[in-house]
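Data first, discussion second: the structure below is written as structure tokens.
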Amino acid sequence: MIYYWKNNTVFQIDTLMISQDRIYFYEVKNYEGNYFYESGKLFKKPNLEIMDPLIQLKRSESLLRQLIHSLDIHLQIEPFIVFVNPAFTLYQAPDNKSLIFPTQIKNHIHRLNTAPSKIEERHRKLAKRLLSMHISDSPENKLPNYHYDKLQKGLICPNCRAFIETIGKRKYVCTLCNHEDLLDNAVLDSIKEFSILFPDEKITTKIIYDWCRIVPERRIRNILLKHFTKVGHHRWSYYIYK
């Protein structure tokens, strides 16, 4: 995975390959499960809308073309989205040659291997130039300064990133996007976020109860006992990942 800057915008390319007359670049997706297109939008069954990778591909293609032209290179760009997970199914797929499904990967590689291609010094210079322009990490991954007391607490919907307002005994339904899931999953996601933000803090019933806010403390304790290993006793106890 590589990152580039162009026009004050960062864009990501999973894999890039230079041939004699064109540049191939690939966005790799490891989606699993059943998906479908409807009215130009992509959904995961039953009705969870997700970001359309074709939109991401079009954006990256445009920025890559601008970058290549700024280097005075004139090669055709051929973009692809590769779905690598054999457990992925896409219903009502659009007729788009940029999509490569798991059963098509072998034939695509064969087509590349059998296509005549002569690599010259200009191709090698382009490869070296692109490598020299590569950003080791996306600036978007850099976290701003933050403090626990100033962060808003609560469970976050994984679909729309809004705070979950109400919960049931076993499930929750987001009032903003109607996303539904088990309450345990939301709490586990919240614990994972806490661990990433505060890696030096111990995971305790009290701190996770305060972090989640709307989940009863007894429920928090039961989830921790089920999915984590308890260390210590009584008020000094904490939990670690199994």
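Please treat every number below as a calculation from the coordinates, not as lab data. Bear in mind the structure is a predicted one, so any value in this text is a computation, not a measurement. Positions of Cβ are generated from backbone atoms using ideal geometry, with glycine treated the same way; all protein chains shown enter the neighbour counts.
Could the peptides 45-57, 185-197 be put in order, highest first, of the mean number of other beta-carbon atoms found within 10 Å of their residues?
On the way: 45-57: 13.8, 185-197: 16.3.
Highest-to-lowest ranking by the protection proxy: 185-197, 45-57.
Charges only on Cβ, +1 for Lys and Arg, -1 for Asp and Glu: so what's the dipole of the stretch 2-138 about the Cα centre, in debye to the nearest 20? Walk me through the numbers on the way to the answer.
Working: 18 positive and 14 negative charges, 62 e Å.
With only Lys, Arg, Asp and Glu charged at Cβ, the dipole is about 300 debye.
Residue 203's amide H: which non-local residues (gap 5+, or another chain) put their own amide H closer than 5 Å, with H modeled 1.01 Å from N in plane and none for Pro or chain starts?
Those lying under 5 Å, H to H, from residue 203 are 239.
Straight-line reach from residue 202: which lysines have Cα under 21 Å away, leaving out those fewer than 8 places along the same chain?
Reachable lysines: 150, 153, 192, 226, 230, 242.
Once you have the Cα-Cα distance between residue 196 and residue 233, take 0.36 nm times their residue separation minus that, and quote the gain in nm to one decimal. Can you show the working numbers first?
Working: separation 37, 0.36 × 37 = 13.32 nm, distance 2.49 nm.
Residue separation times 0.36 nm, minus the Cα-Cα distance, leaves 10.8 nm.
Can you find, among 166, 126, 73, the residue farthest towards the positive end of the dipole of the chain? Put +1 on the C-beta of Lys and Arg, -1 on that of Asp and Glu.
166
Cysteines without a disulfide-compatible partner in the chain, using Cβ under 4.7 Å as the rule?
212
Hand me the trypsin sites (Lys or Arg not before Pro) from the stretch 15-116 located in a DSSP loop with no more than 13 other Cβ atoms within 10 Å, in residue order please. Numbers along the way, then the final one.
Details: sites: 22, 29, 41, 44, 58, 59, 65, 97, 106, 111; in loops: 97.
Filter output for the stretch 15-116: 97.
Placing +1 at every Lys and Arg Cβ and -1 at every Asp and Glu Cβ, with all other atoms neutral, what dipole size does the chain have around its Cα centre, in debye to the nearest 20? Let's see the in-between values first.
Numbers: 36 positive and 26 negative charges, 119 e Å.
Once rounded to the nearest 20, the dipole reads 580 debye.
Multiplying the sequence separation of residue 56 and residue 121 by 0.36 nm and subtracting their Cα-Cα distance, what value in nm do you get? Intermediate values should be presented prior to the final figure.
Numbers: separation 65, 0.36 × 65 = 23.40 nm, distance 3.15 nm.
Net length gain for the segment: 20.2 nm.
Under a Cβ-only charge scheme (Lys and Arg +1, Asp and Glu -1), can you give me the dipole magnitude of the stretch 168-242 about the Cα centre, in debye to the nearest 20? Before the final figure, lay out each step's value.
Values: 14 positive and 9 negative charges, 94 e Å.
Taking the Cα centre of the stretch 168-242 as origin, the dipole is about 460 debye.
What list of ³J(HN,Hα) values in whole Hz, one per residue of the stretch 81-98 in order, does the Karplus curve 6.51 cos²θ - 1.76 cosθ + 1.60 (θ = phi - 60°) give from phi, with Gly and Pro shown as x?
Using θ = phi - 60°, the values come out as 10, 10, 8, 9, 7, x, 8, 9, 10, 10, 8, 6, 5, x, 7, 9, 5, 7 Hz.
Which ³J(HN,Hα) values in Hz, rounded to whole numbers, follow from the phi angles of the stretch 113-123 under the Karplus curve 6.51 cos²θ - 1.76 cosθ + 1.60, where θ = phi - 60° and Gly and Pro get x?
5, 8, 6, x, 7, 10, 8, 10, 5, 5, 5
If the label point is 7 Å along Cα→Cβ of residue 152, which residues in the stretch 205-229 have backbone nitrogen under 16 Å from it?
Answer for this model: 211-214.
Does the stretch 29-164 classify as rounded, prolate or oblate by the C-alpha gyration tensor (a ≥ b ≥ c root eigenvalues; a/c under 1.5 gives rounded; else a/b over b/c gives prolate, otherwise oblate)?
Values: a/c = 2.59, a/b = 1.30, b/c = 1.99.
In terms of gyration-tensor shape, oblate.
Applying a 10 Å radius around every beta-carbon, put 144-154, 208-218 in order of their mean neighbour count, most first.
Highest-to-lowest ranking by the protection proxy: 208-218, 144-154.
Return the single residue from 15, 205, 229 with maximal mean-square fluctuation; model: Gaussian network over the chain, springs between Cα atoms under 10 Å.
229
Answer with one residue from 115, 84, 63: the one whose Cα lies farthest towards the positive end of the charge dipole of the chain, charges on Cβ with Lys, Arg +1 and Asp, Glu -1.
Of 115, 84, 63, it is 84.
Name the most mobile residue of 116, 102, 158, meaning the one with the largest mean-square fluctuation, in a Gaussian network model of the chain with Cα contacts below 10 Å.
For the chain, modelled as a Gaussian network with Cα springs under 10 Å, the answer is 116.
Rounded to a whole number, what is D in µm²/s for the chain from Stokes-Einstein with the Kirkwood radius over alpha-carbon pairs (20 °C, 1.002 mPa s)? Walk me through the numbers before you get to the answer.
Numbers: Rh = 21.8 Å.
For these conditions, the coefficient is 98 µm²/s.
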